[in-house]
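Participant: Provided herewith is a single structure, encoded as structure tokens, for subsequent inquiry.
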Amino acid sequence: MKRNIFTIPLTALCAVLATLPAHATTFTYDYTYDGTLLTTNQTAAGSLFSIGDIVNLTLRTANNDYWSATAGQNLWAPIGVDESGTRTGDATWSFLMDGLIMDSDSYAGQDSQYVHIVDFTNPTTNVNFDEFKWSFTLTNLVLDPGNTTNTLGNIFAQPNPFQSNYSPNYVKGNSVPEPTSLALLGLGLAGLSFARRRKSV
């Protein structure tokens with residue numbers, strides 16, 4: 001019996017394709033915090049989170065507010081999941097002020113246990129920032145007994161997106177120190193006004 005010349009290559013191709021991982025999905029969470037209220041436009045909650053998938057989180061302050069953290073401080077702003085387990089992954093994070101990266105770091109193969117993803121993120125230097133970003137790629141998943149799915153939830157802590165014991169200081173915009181040059185200008189104008197009053201007496 002004659003064999004189709006395409007049969008063997010096609011069979012081999014199907015076998016190779018079957019071993020390739022499915023296309024990864026990227027889920028986006030985007031939040032704004034004003035010191036008392038957390039608002040969001042994310043729609044990822046309720047989605048299945050599979051090995052190879054990526055979660056991107058962005059936290060912003062409102063108005064001219066900002067966060068302040070010290071070098072090595074444990075900061076934690078995880079995304080919740082509906083089922084308990086151990087999720088291993090790689091993460092990168094950055095601290096930005098006015099769109100400029102002030103500090104960044106990463107880890108690989110870190111475990112996140114129970115009902116959240118991403119572990120501590122730590123600034124390498126003292127840093128003020130009005131935007132915080134992290135990206136987490138799931139590389140392994142071991143669910144606790146009785147769980148069969150891995151479903152994304154919302155941000156773990158609300159209304160403050162950082163867990164209370166692992167949160168940077170939140171600074172309102174109107175408490176930003178006055179620039180030195182403006183302060184000196186104010187002193188100069190006050191001195192000039194005083195001198196004119198003395199001259200006119």
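Participant: Could you tell me which of the residues Ile51, Ile117, Ile101 is β-branched (Val, Ile, Thr), touching a strand residue (DSSP E or B) at 6+ places or on another chain (Cβ under 8 Å) and within 21 Å of Ala157 (Cα to Cα)? Give the derivation first.
Facilitator: Working: Ile51 fails: within 21 Å of Ala157 (Cα to Cα); Ile101 fails: within 21 Å of Ala157 (Cα to Cα).
Exactly one residue qualifies, and that residue is Ile117.
Participant: Here is a further query. Of the numbered conditions (1) of a type in the set (A, V, I, L, M, F, W, C); (2) closer than 18 Å to Thr139 by Cβ; (3) modelled with pLDDT of 95 or more, Ala69 satisfies every one except a single condition; which is it?
Facilitator: It is condition (2) that Ala69 fails.
Participant: Within the range 86-110, restricting attention to residues that are surrounded by 17 or more Cβ atoms within 10 Å (Cβ to Cβ) and of a type outside the set (S, T, N, Q), which residue is farthest from the chain's Cα centre (by Cα)?
Facilitator: Arg87
Participant: Which strands (runs of 3 or more DSSP E) sit wholly inside the range 114-183 and have at least 2 residues that are at pLDDT 90 or above and either loosely packed, with under 11 Cβ neighbours inside 10 Å or among the polar types (S, T, N, Q) (or both)? Can you show your working first?
Facilitator: Values: elements: 127-129, 131-143, 152-155, 169-171.
Fully inside the range 114-183 and qualifying: 131-143.
Participant: Also, quick follow-up: Please state which one of Ala22, Ala12, Ala44 is over 14 Å from the mean Cα position of the chain (by Cα), at pLDDT below 90 and surrounded by 17 or more Cβ atoms within 10 Å (Cβ to Cβ).
Facilitator: After ruling out the rest, the residue left standing is Ala44.
Participant: Among the residues of the range 34-88, write down those that are part of a loop (DSSP other than H, G, I, E, B) and touching a helix residue (DSSP H, G or I) at 6+ places or on another chain (Cβ under 9 Å). Don't jump to the end; show me each part of the working.
Facilitator: Of the residues in the range 34-88, the ones part of a loop (DSSP other than H, G, I, E, B) are 34-37, 41-47, 49-53, 62-65, 70-74, 76-78.
Result: Ala62, Asn63, Asn64, Asp65, Gln73, Asn74, Trp76, Ala77.
The values are calculated or read from the model by the stated rules, or taken from the named source; none is laboratory data. Since this is a predicted model, take the numbers as computed values, not measurements. Neighbour counts are summed over all protein chains in view; Cβ atoms, including those assigned to glycine, are modelled from backbone coordinates with ideal geometry.
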